[in-house]
1. Given contacts defined as C-alpha pairs under 8 Å and at least six residues apart, what's the relative contact order of the chain, whole-number percent?
2. Say we join alpha carbon atoms closer than 10 Å with springs in a Gaussian network model of the chain; which of V60, V47, V117 then has the biggest fluctuation?
3. Identify the residues of the stretch 63-97 with backbone N under 12 Å of a label point that sits 7 angstrom from the Cα of Y126 along the Cα-to-Cβ direction, or state none.
4. Given 0.36 nm per residue, what is the gain on full extension from D50 to E14 after removing their alpha carbon distance, in nm?
5. At 0.890 mPa s and 25 °C, plugging the Kirkwood radius over alpha-carbon pairs of the stretch 17-131 into Stokes-Einstein gives what diffusion coefficient in µm²/s?
6. Can you tell me the orientation of helix 3-39 relative to the chain, as the angle in degrees between its alpha-carbon axis and the longest Cα principal axis, to the nearest 10?
7. Report, in debye and to the nearest 20, how large the dipole of the chain comes out about its Cα centre when Lys and Arg carry +1 and Asp and Glu carry -1 on their Cβ.
8. Quick one: how many lysine pairs does the chain have with C-alpha atoms less than 18 Å apart and a gap of 8 or more or different chains? Give me the count, please.
Amino acid sequence: MSYLRKKIATESAERKERYVGFNTLWNEACKQGNEAANNHTPTTMVVSSDTTQWIVPEGVCGFAEIRLPKGNTSFAHWAKKNADFSKNYYGCLYYSVRGYGQSMEKKETFARKACEVLNAGGIDCYPTSRMD
């Protein structure tokens, strides 16, 4: 086998091993994020007019994301193909938290906890959110 073929085979095996590690890390981040979000009790939102008052137990409505500021890393390539991350206009990748109904607080909790796990695993990421 030629030198080039050996190098390609070695790099391919290393990438597969790295991707298995990314999959394990992502699954753990999602697991811990789900646990944190499911155990979080949002601040109740009260909406009122002159005559009527509505109570929204899930809190304010909104969105949350996990952002990878560098879209050209090995994890970013894996995340785009395997973890439903999308490209952002500014060159980063993001994962939109889709569960938990309209509760922004629960989505934020998921994103924060998942980022803690990913950061501990050496992945540069941060949570973002916006109210609807």
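Quick note: the coordinates plus some simple rules give every number you see, no bench work behind them. Since the model is a prediction, treat every value here as computed from it, not as a measurement. So basically every Cβ, Gly included, is an ideal-geometry build from the backbone, and we count neighbours across all protein chains shown.
1. About 31 percent, as a whole number.
2. Result: V47 has the largest fluctuation of those listed.
3. Residues 67-70 fall inside that zone.
4. Length gained, D50 through E14: 6.5 nm.
5. Answer from the Stokes-Einstein relation: 164 µm²/s.
6. 20
7. In debye, rounded to 20, the chain gives about 900.
8. Going through the chain pair by pair, I get 10.
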